[in-house]
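**Q** Could you have a look at this structure, given as structure tokens, before my questions?
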Amino acid sequence: MTLIQAIVLGAIQGVTEFFPVSSSGHLVIFQALFGLKEPQLAFDIFLHLGTLVSVLIFFRKDIIGFFSGGKKLLFYIVVASIPTFIIGFLFKDAVERFCGMPKLVALMLGVTGAWLILVSLKAKKNKLKKDLGILNSIVIGIAQGIAIMPGISRSGATIGAGYLAGLDKEFSVKFSFLLAIPAILGASVLKVHKIGQGITGSDTIVFLAGGITAMLVGIMSIKVLLKIVKNDKLYIFGLYCILMSLTGIILF
């Protein structure tokens with residue numbers, strides 16, 4: 001992998017991790033287009049850690065609040081993370097095999113697109129409540145667990161589940177991104193043994209460049225997404241995913 005490819009993939013990760021269009025799906029497709037035939041698992045860890053830092057920086061006040069008056073929200077994040085970790089642990093090997101199937105990944109992008117359009121229509125009737133409750137937390141956690149499948153957007157799945165639960169739109173986005181913290185850490189831990197297999201001395205700068213790019217682009221992407229959600233335009237991402245799905249199926 002070249003430095004330019006790493007930076008491009010880092011920018012793609014920074015946008016697609018937070019835009020509900022599936023970062024894993026885009027990485028699989030673009031890596032295939034770049035001729036990187038094998039799943040770049042070690043490199044993907046660096047990219048995801050880069051976007052994790054984006055969340056930590058953007059939502060630092062909320063995270064600091066966990067240690068004062070935000071214990072209720074922290075409790076819901078823990079509850080939602082449990083089904084995510086169970087699903088991730090049980091199906092991690094199957095997911096890694098799935099990463100090598102670009103056409104199936106493209107098909108899952110179409111599923112994400114249909115989901116986003118559906119929840120966008122439902123969101124117009126939201127009750128705008130901000131109290132999650134245990135049941136809604138579990139449902140959102142299951143949605144996040146399903147999104148380990150490449151092509152299914154993690155943010156799209158969790159934000160959409162929040163929409164269907166009648167939650168406030170901006171709160172759904174915030175909860176989705178805060179929930180990403182343990183999810184990304186957990187996924188990285190499950191794959192960390194792959195790092196030694198995937199990195200040589202000359203790869204270090206390339207991988208770091210990708211991770212730093214993902215972090216910087218990620219911060220900007222969160223700001224843009226919050227504005228789009230506020231204007232009830234989530235369906236735009238659904239149309240985009242369907243277009244990308246059709247393109248991927250044709251290409252592969």
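**Q** All but one of (1) more than 17 Å from the chain's Cα centre (by Cα); (2) modelled with pLDDT of 90 or more; (3) polar (S, T, N, Q) hold for residue 158, so report the exception by its number.
**A** Result: residue 158 fails condition (1) only.
**Q** Also: Test residue 206 against the criterion of being of a type outside the set (Phe, Trp, Tyr), surrounded by fewer than 14 Cβ atoms within 10 Å (Cβ to Cβ), in a helix (DSSP H, G or I) and modelled with pLDDT under 90, and give yes or no.
**A** No: the conditions fail for residue 206.
**Q** Ok, one more. Out of all the residues in segment 179-196, is one or more among the polar types (S, T, N, Q) and at pLDDT 90 or above?
**A** Taking every residue of segment 179-196 in turn, none turns out to be among the polar types (S, T, N, Q) and at pLDDT 90 or above.
**Q** Quick check on segment 34-50: of everything there that is at pLDDT below 70 and assigned to a loop (DSSP other than H, G, I, E, B), which residue is surrounded by the most Cβ atoms within 10 Å (Cβ to Cβ)?
**A** Checking each candidate, the answer is 40.
**Q** While we're on this one: Pick out the one residue from 95, 78, 105 that is closer than 16 Å to residue 184 by Cβ and modelled with pLDDT of 80 or more.
**A** 78
**Q** Still on this structure, please answer the following. If you scan segment 19-36, which residues turn out to be among the hydroxyl-bearing types (Ser, Thr, Tyr) and closer than 11 Å to residue 108 by Cβ? Steps first, please.
**A** Step one: filter segment 19-36 for residues among the hydroxyl-bearing types (Ser, Thr, Tyr), giving 22-24.
Those that are among the hydroxyl-bearing types (Ser, Thr, Tyr) and closer than 11 Å to residue 108 by Cβ: 22, 24.
The values are calculated or read from the model by the stated rules, or taken from the named source; none is laboratory data. Because the structure is predicted, anything quoted here is derived from the model rather than measured. As a convention, Cβ positions derive from the backbone with ideal geometry for all residues, glycine included, and neighbour counts pool all protein chains shown.
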